[in-house]
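One structure is given below, encoded as structure tokens.
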Amino acid sequence: MKGNFVISRSKEGEFYFKLCSCDGRALAQGECFDTLFACKNGLASVCECLNADVVSEEQVNFGIGKAVYEIVKEGDGFEFFLKGSFGEVLAYSDRFATYDECRNAAKEMSELEIDIEDLN
């Protein structure tokens with residue numbers, strides 16, 4: 001399914017991106033970057049890993065050496081982190097009330113098609 005991204009600037013002047021579903025709902029965002037160039041490179045890395053497997057905290061060793069969506073319990077909810085093949089966090093979600101909501105959002109993100117050419 002076709003998705004898109006939005007690059008924005010924080011109050012502090014840093015750049016960050018959000019990945020959105022086809023209906024415009026934000027699924028995840030990246031960290032803040034000092035430059036637009038670095039933000040676009042971070043987004044390109046995310047796009048290369050979009051079709052990763054979804055795993056839970058207990059399955060974290062499953063993802064060694066490959067990108068994964070890791071679902072973790074945070075306080076009273078759940079979040080997912082898209083991690084690269086070296087375990088680095090590439091993007092993260094907002095908090096979801098249930099595990100199933102979080103897993104569904106991660107699966108939806110994994111099925112997105114983002115046109116890298118739009119980065120230019």
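The numbers here are math on the coordinates, done by the rules we state, and not lab data. Since the model is a prediction, treat every value here as computed from it, not as a measurement. Methodologically, a virtual Cβ is constructed for each residue, glycine included, from the backbone with ideal geometry; neighbour enumeration extends over all protein chains shown.
How do 15, 81 line up, fewest other C-beta atoms within 10 Å first?
Lowest to highest Cβ neighbour count: 81, 15.
Kindly identify the range 4-119 as rounded, prolate or oblate by the Cα gyration tensor criterion: order the square roots of the eigenvalues as a ≥ b ≥ c, call it rounded if a/c is under 1.5, otherwise compare a/b with b/c, prolate if a/b is larger, else oblate.
It is prolate, given that a/c is not under 1.5 and a/b is the larger ratio.
Report, in deg cm²/dmol and to the nearest 500, the calculated mean residue ellipticity at 222 nm for the chain, where each DSSP H run with n ≥ 4 adds -39500 (n - 2.57) and the sum is divided by the residue count.
-7000 deg cm²/dmol
Below 13 angstrom from the Cβ of residue 75, what's the summed charge of the other residues (Lys, Arg +1; Asp, Glu -1)?
Summing Lys and Arg as +1 and Asp and Glu as -1 gives -2.
Would you mind working out the magnitude of the charge dipole of the chain relative to its Cα centre, with +1 at each Lys and Arg C-beta and -1 at each Asp and Glu C-beta, to the nearest 20 Debye?
Dipole about the Cα centre, nearest 20: 140 debye.
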